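J.: Below are the structure tokens for one structure; questions will follow.
The values are calculated or read from the model by the stated rules, or taken from the named source; none is laboratory data. Please read all numbers here as calculations on a predicted model, not as lab measurements. Neighbour counts run over all protein chains shown; Cβ positions are idealised from the backbone, glycine included. SASA here: full protein model, heavy atoms, side chains in, ligands and nucleic acids out. Shrake-Rupley method; radii C 1.70, N 1.55, O 1.52, S 1.80 Å.
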Amino acid sequence: YEQVEVSPKGDMLAIVRHEESDHSSLWTWGLHTGGWGHILDSHVPLLRAQWSSDGTELAVSSEMHNEDFSNLYRIRAADPNNIKRLTQEPDFGQFPLSWSTKANAILFMEGRHTLTNGDIMVLPLSGNGAPKRLVTTPGWDRSASFSPDGQRFVYESDESGRPEVFVRRWDAKRAEGNGPAVKI
């Protein structure tokens, strides 16, 4: 098993299983029913998934459509054949980290960039839906998460040479992080 995420309602798990060296799969498991549901198979080394705030959908990293790098997809948990592609990045893998209805956006990591390694990106779910860079340091920027009210996001960066945690304000209307990063 690679990743387990509890749905916001606490009734389902999203489980990424590492089946073979080049094959992962995404499943749901009902905590009350004990039933498995197959979502998808993937050939990316780090398949990742995040629940929507209402627990009906998943943001998933996958290499569907024969790409070399994973992009973001939106999949309805009850109808895994209903798949919507969210990004089209040909050069860097993307992995969902946090989905907030209040922020109306998905935070994700994109990397490995030559000068900045992994960057924290945001995909606004309104407007033109174009991804934007939020955090780009020379180090690895990762593990981002929206606050429950959608007004802040937290992330980890090793820009200083050691892992540190930062928090920034989030402006959903402008779909960007603003204000200085405050080290915790």
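J.: Grab the other residues whose beta carbon is less than 11 angstrom from that of R17, score K and R as +1, D and E as -1, and report the net. Show your work: numbers first, answer last.
T.: Values: positive: none; negative: E2, E19, E20, D41.
The answer is -4.
J.: Give the Rg (one decimal place) followed by the Dmax (whole number) of the chain, computed from C-alpha coordinates and expressed in Å.
T.: Cα radius of gyration and Dmax of the chain are 16.0, 47 Å respectively.
J.: Next question. Would you list which lysines come within 22 Å of K9, measuring only between C-alpha atoms, while excluding same-chain residues fewer than 8 positions from it?
T.: In chain and number order, the partners are K102.
J.: Using 0.36 nm times the number of residues separating H23 and N81, minus their current alpha carbon distance, what extension gain do you get? Intermediate results must be reported in sequence, preceding the final value.
T.: On the way: separation 58, 0.36 × 58 = 20.88 nm, distance 1.91 nm.
Length gained, H23 through N81: 19.0 nm.
J.: Leaving ligands, DNA and RNA out of it, report the carbon-plus-sulfur percent of the accessible area of the chain at a 1.4 Å probe.
T.: Details: 4680 of 9510 Å².
Within the chain, the accessible surface is 49 percent carbon and sulfur.
J.: Which is the longest stretch in the chain that no exposed loop site breaks, taking sites as trypsin sites (Lys or Arg not before Pro) with a DSSP loop state and at most 10 other Cβ atoms within 10 Å? It would help to have the intermediate numbers written out before the result.
T.: Details: sites that count: K173, R174.
Longest site-free region, per DSSP loop and neighbour criteria: 1-172.
J.: Can you pull the accessible area of V182 for me, 1.4 Å probe, Å² to the nearest 10?
T.: We get 80 Å² for V182.
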